[in-house]
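Report on the following structure.
The values are calculated or read from the model by the stated rules, or taken from the named source; none is laboratory data. Bear in mind that the values here come from a model prediction, so they are computed numbers and not experimental data. Ideal geometry is used to build each Cβ from the backbone, glycine not excepted, and the neighbour counts take in all protein chains shown. Surface accessibility is based on the protein's heavy atoms, side chains included, excluding ligands, DNA and RNA. Shrake-Rupley method; radii C 1.70, N 1.55, O 1.52, S 1.80 Å.
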Amino acid sequence: MIRTTLVPVPQMVCGAEQARQLLQRIARLTVIAVDTETTGKVRHRDDVVFWSMATATERWCLDRQALPVFRAFLEDPARTLIFQNANFDAWMLLNSGVDLHRHGDRDYRRWDTMVMHSLMYDNQPHGLKEMANDRHLLGIHMPAFKTVFGKVSKDEDVGRKLHEMYASAPDKVCDYASLDAWATFRLWEVLREHLDSQSLFDGGTLLDYYVDLEQPNHDVLWQMERRGARIDAERIQAIMPVIDDRMDRLRHQMAKLRGRVFNPGSTAQIIDALFVRRQGEWIDRITGATIDDDAMTEGGATGNRQPATDAEVLIKRSARGCVLSKLILDWRKLDKISGTYLTSFVELADRFGRIHTTFSQQVARTGRIASSAPNLMNVPKPDKDEFKLRSLFVSEDGYLLGCADYAQLEMRIAACRAGELDMIQSITQGRDQHCWTAHKMFGVPYEALYAAKKKADKGELLTSEEHALYVMRDDSKRIGFGVLYGMGAPRLSHDLSNDQRVVDEEEAQEKLNTFFRVNRHIKRYQEDIVAFGRETQWVATHSGRRRQIPELTGKLDKKSFGEGCRAAVNMPIQGEAAELVKSAQIRIHEDDLLRSAGVRMTLQVHDELLSDWPVAATKDPELVARWNEHMEWPYGRNRHPLEQQLAGGQIVRVPLRAGVRFARDWMSAK
């Protein structure tokens, strides 16, 4: 339905007296949209310059002086507040003296149009301007910030720019700011209708899904953001010189091999170091061979194709004896550690040594929580990280860090939904699933695989035979998870290859074929999902949350179709895993005993939850049991989390397993 929208006239409210007059007039409103214009985007540092409110028929822009007047109004737990990016505005208001959770954080009264839109229209942009411009939503044009206020440079004082603009053109500022709030209110009205029109598999609607799962998670994630994760700044300062020195030595080694200094952070200079162009063809400097067409880049908008220098290419070159490629890979790894983690952590830490990542509910189209500024979802695991970066996350005095994760969560979901009975039996018997998969794939005794795994976990030296067994388990783990992500032979070849061995695409395909031979039901399940997606152009989780996949029409190129197939295979599994974890977090958040004991969640990393526990709480078996119960029974004891009725009428149930462990740092708690 195309909507005709009449935009109300903006009203400017200046100073405390005008604010009191407006408050008296709207004090009985129970639902209102709120938006902020701020000094910047750093959540724990920036604050409000101007702010706005709106209903369907009125909109107001207010200055900072009005906030104290409206503090009780905004903090009233009985009042519904509508935002576009709710947790960002909650931060800005908190930094300006208004705590939306002053009277509790379990009333779930905040709505977020950005997250609502992502549920219904996951393949469209969720920005306010883009949503408002959609003729099926509001159909109005909203000017961009830089159109009204001009481009803001990185080092420019945004607050001062806003004040200067207000002094010279107050009507312009008022119109821009209040239009944001009004559009947010109107989108909330429209999106509620749209969400309520889409049915779930259990008989509810997508609006129920939002209210039951996503809306409570606004507050769960807000509290995690607000508390933050404590880092060990002294350890960071100790690691940084070591990494800097090693990067310098790698640069020296690369310069010696190349015959001159070059920047390993520059793609153009890496190409020049490894390849040379002769008579229109690219030649490998090491082997003298012409570069194959499939080892070239696409060329982008210019069509200027060059030799690829991504990790996959360099790993293969390194395994074939190219020392320079290995040195570049080593340098890149150190550069990522230095920039993404160490330097970023120091810059973003507050005065208490805590970093406050931004959790997002609308970024990952499967429903997974995303993290940014900094991204904490990809902190390397200890077995692949010589610097032990997870040890940087520490508890404060009087506390221990609680680390709780699920045992093979996505594999359990796949086994249940596919009805893979042999895998289900292995899970219910408590076997290590990756050892069991390796046993079935390679015909090696399960006990030998498990013994090698346990020995490696203890840090003990493995014999050559035990090492081979451990590699088999690791391969089966990568293959199993790769299958759940819809991974094909090219990507699996990359994931299994390292500087010690090359697994070509043919061998990778053989390994995939072997996995599917011993897990036929998972193969059929994935084929059914893709077939359904080709018919409908969407797939869904077991509950009914959809992901639109228009690539499955087959009308696009082969590459896009392949990406669509991988997305279709991955969505139901990863999406259901996200739902289980979110549900567990809500139950933990609402547990009065855990709360009164001082237990607080700090991080969610996919299927892993980190939390701060007072030392005394860690010694209370009832509290530990309650935490584990919430993770293993995220919907409560009356509803089994993983239950499936098979075609023949048989009902299978797959248990979830999780446990919280305690230590002074994240790595030691694993």
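The string of couplings for the stretch 169-180 from the Karplus curve (6.51, -1.76, 1.60, θ = phi - 60°) is 8, x, 5, 5, 5, 4, 5, 4, 5, 6, 5, 4 Hz, one whole number per residue in order, with x for Gly and Pro.
Leaving out ligands and nucleic acids, and using a 1.4 Å probe, what accessible area per residue does the chain come to in Å²? Numbers along the way, then the final one.
Numbers: 30720 Å² over 670 residues.
The answer is 46 Å² per residue.
For the stretch 389-478, the square roots of the Cα gyration tensor eigenvalues, ordered a ≥ b ≥ c, give a/c of at least 1.5 with a/b no greater than b/c, which places it in the oblate category.
Would you please classify the overall shape of the stretch 184-308 from the alpha carbon gyration tensor, given that a ≥ b ≥ c denote the square roots of the eigenvalues, rounded means a/c under 1.5, and beyond that prolate means a/b larger than b/c while oblate covers the rest? Since a/c reaches 1.5 but b/c is at least a/b, the shape of the stretch 184-308 is classed as oblate. The angle separating the long axis of helix 520-536 from the principal Cα axis of greatest extent in the chain is about 40 degrees. The shape of the stretch 333-431 can be summarised by an equivalent ellipsoid whose semi-axes, obtained from the alpha carbon gyration tensor, come to 33, 17, 15 Å from longest to shortest.
Using only alpha carbons, the stretch 87-183 has a radius of gyration to Kirkwood radius ratio (Rg to Rh) of 1.01. For the chain, Cys14, Cys322, Cys403, Cys416, Cys435, Cys565 have no disulfide-compatible partner, since no other Cys C-beta lies under 4.7 Å from theirs.
Sparsely packed loop sites in the stretch 180-279 (the chymotrypsin sites (Phe, Trp or Tyr not before Pro) outside DSSP H, G, I, E and B with at most 15 other Cβ atoms within 10 Å) comprise Phe201. Each residue of the stretch 576-586 is assigned a 3J(HN,Hα), and the resulting list reads 5, 4, 4, 5, 4, 5, 4, 5, 4, 4, 4 Hz, derived from the Karplus form 6.51 cos²θ - 1.76 cosθ + 1.60 (θ = phi - 60°), x at Gly and Pro. Cross-link check: pairs Lys154/Lys256; Lys146/Lys336; Lys388/Lys559; Lys477/Lys559 evaluated at a Cα-Cα cut-off of 30 Å; pairs beyond the cut-off: Lys154/Lys256; Lys146/Lys336; Lys388/Lys559. Per-residue Karplus couplings for the stretch 306-313, computed as 6.51 cos²θ - 1.76 cosθ + 1.60 with θ equal to phi - 60°, are listed in order as 9, x, 6, 10, 6, 4, 4, 5 Hz, Gly and Pro entered as x. Taking all Cα pairs closer than 8 Å and separated by 6 or more residues, the relative contact order of the chain comes to 13 percent. When peptides 614-623, 396-405 are ranked by their average number of other Cβ atoms within 10 Å per residue, the highest-first order is 396-405, 614-623.
Once neighbouring chains are kept in place and the probe is 1.4 Å, which whole percent of the accessible area of the chain is contributed by carbon and sulfur?
Values: 14980 of 30720 Å².
Percent of accessible area from carbon and sulfur atoms in the chain: 49.
Is the stretch 513-612 best put as rounded, prolate or oblate by its Cα gyration tensor, with a ≥ b ≥ c the root eigenvalues, rounded for a/c under 1.5, and otherwise prolate when a/b is larger than b/c, oblate when not? Here the stretch 513-612 falls in the prolate category.
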